[in-house]
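S.K.: To start, I am sharing the structure in question, which I have written as C-alpha cells.
What follows is calculated from the coordinates using simple rules that are stated; it is not laboratory data. These numbers were taken from a predicted model, which means no experiment stands behind them. Please note: Cβ atoms are built from the backbone with ideal geometry, for glycine as well, and neighbour counts cover all protein chains shown.
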Amino acid sequence: MCQRRSGSTKRRQPPVDNIDRAIINTLQGGFPIRERPYAAAAAVIGITEQELIQRIERLIEAQTLSRFGPLFNAEKLGGAVCLCAMEVPADDFDRTAGRVNAFVEVAHNYARDHPFNMWFVLATEYPPDIAEAAARIEEATGYAVHEFPKIDEFYVGLKLDA
Amino acid sequence: MPEKLRATNFDELDRRIVVATQEGLPLCPRPYHALAERLGTSAAEIMSRLEAMVADGTIRRLGAIPNHYALGYRANGMSVWDIHDNELQTAGTTVGALDFVTHCYHRPRRPPAWPYNLFAMVHGANRGEVEEKVAQIADILKHSAGAHDVLYSTAILKKTGLRITA
C-alpha cells in the first residue's frame, strides 16, 4: 500500500465519467487534513474511501491528473521562478532547444509562434541563481535571454472543468 | 526578484515534508500517518505543518492537480497586453477574474521588441475558442490597452516541475 506512482506510463485515456468529473472539479483544492481525508472527501462525493483512492490512482495513470497532493508556491519555499524568452532562428531551433533543456534550472519550455519563439521558465532554489542560469544559457546558445520576472500576480481561481 | 523569501519558521522538517509530498500524497486511507512514519514524526505534527503551509500560502492548494491537455484544453494562448501603467491594477484584477484565464501576471516591458506588460493565459479546446475569449478580453480592455498579441504554443519542449532535492 501507499506506493507512489510515477504517472509516466503512457496509456490511452479511458473515458472520464461523472464521478471522475466530480473528483476533478471538487477536489482541486481543500483536500482535508485529518486522519482519514480520502474517506471524508469520498463522503462528500457519495462514494467509498476505497473507490476514491482507486479512481485517483487511475486518473493519475491515465495522466488526466498530473498528481494528487500539494501544489507548492516555489517562491514561498525560498526559491525563485522567472519566465524567459529567446529569439532563435528556425534552422537552429532544435539544437538550441536541446542546449536549453539540458539545464536543470529549466522547468518548462514551450515553442511559441512569435519572433520570441522559445519561452522557458527558470526555477531555482536560490533567487540569485536565476540571473546566473540565464547568463550560462546565453553563453551555451549564443542568443540573448530576455527575462520576464513576475512583478505582480492577479488572483485566478480554480478553473479547469472536466 | 521574488517578493518574499521563505517564512522564517520554515525548518528542516518542513523541507522534508516538501520533498516527501511534491510528487503527491500517499494514496492510502491514512496518508498523513504514512508520511509521519516515513519521516519519523507524528501524524499530528505532519498535519499541523501542512495546515500552516496552506494558511500562509506555501501550499497554494491541496488536492487534484489536473493535466489541462488531458481535460481537452488543447490550445493554449498566452495573450499579452500593453496596458497604461495607471490602469494596470484594475485591468489585471478584471482579467484575472475571468473564468477562462488561468494565470494573469504583470511582467516588465522590454522595449522596443516587447511593449506588453500584462500576461493572461487563455486555455480552450482549439484556437478558435481561444481567439473568441481573447476578443472578450480585448473588449473589456478597449480603453486601457494599446497593442496586444496572442502567442500560441506550438510544442512543449520540456515540462518538469520545480524539484527540491533532499
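S.K.: Projecting each Cα onto the charge dipole of the protein assembly as shown (Lys/Arg +1, Asp/Glu -1 at the beta carbon, about the Cα centre), which of A:83, A:54, B:122 comes out farthest on the positive side?
M.R.: A:54
S.K.: Kirkwood Rh, Cα Rg: Rg to Rh for the range A:80-148?
M.R.: That ratio is 0.93, to two decimals.
S.K.: Angle, helix A:128-141 long axis vs. longest principal axis of chain A, Cα atoms, 0 to 90°, nearest 10?
M.R.: Taking Cα atoms only, the helix is inclined about 60 degrees.
S.K.: Specify the angular offset, from 0 to 90 degrees and rounded to the nearest 10, of the alpha carbon long axis of helix B:12-21 from the longest principal axis of the alpha carbons in chain B.
M.R.: Orientation of helix B:12-21: about 70 degrees from the principal axis.
S.K.: For Cα pairs less than 8 Å apart in space and 6+ apart in sequence, what is the mean separation divided by the residue count of the range A:35-101, i.e. the relative contact order in percent?
M.R.: Computed value for the range A:35-101: 13 percent relative contact order.
S.K.: State the Kirkwood hydrodynamic radius of the protein assembly as shown in Å, one decimal place, computed from all pairs of distinct Cα atoms.
M.R.: Every distinct Cα pair counted, the radius reaches 21.2 Å.
S.K.: Among all the aspartates and glutamates, which ones have a C-alpha under 14 Å from residue B:142's C-alpha, if same-chain residues fewer than 8 places away are not counted?
M.R.: Hits, sequence-local ones excluded: B:82, B:87.
S.K.: Let me ask another. Suppose we take every Cα in chain B and form the convex hull; what volume per residue is that in Å³?
M.R.: Normalising the Cα hull of chain B by residue number yields 162 Å³.
S.K.: With a point put 7 Å past each Cα toward its Cβ, work out how far residue A:147 is from residue B:52 in nm, to one decimal.
M.R.: So the two model labels end up 3.1 nm from each other.
S.K.: How much length is gained if the chain between residue B:23 and residue B:125 is pulled fully straight, taking 0.36 nm per residue apart and subtracting their Cα-Cα distance, in nm to one decimal?
M.R.: Answer, rounded to one decimal: 34.0 nm.
S.K.: Between residue A:104 and residue A:139, what is the spin-label point distance in nm, taking each point 7 Å from the Cα along the Cα→C-beta axis?
M.R.: In this crude spin-label approximation the distance works out to 1.7 nm.
S.K.: Classify the range B:12-55 as rounded, prolate or oblate, taking a ≥ b ≥ c as the square roots of the eigenvalues of its Cα gyration tensor: rounded when a/c is under 1.5, otherwise prolate if a/b is larger than b/c and oblate if not.
M.R.: Verdict is rounded for the range B:12-55.
S.K.: Quick one: compute the contact order of the range B:12-55, relative version, from alpha carbon pairs under 8 angstrom and 6+ residues apart, as a percent.
M.R.: Relative CO of the range B:12-55 lands at 29 percent.
S.K.: Test of understanding: in a Gaussian network model of chain B with alpha carbons linked when under 10 Å, which of B:139, B:149, B:56 would top the mean-square fluctuation ranking?
M.R.: B:56
S.K.: Treat chain A as a sphere of radius equal to its Kirkwood radius over Cα pairs and apply Stokes-Einstein at 37 °C in a medium of 0.692 mPa s; give the translational diffusion coefficient in µm²/s, rounded to a whole number.
M.R.: 175 µm²/s
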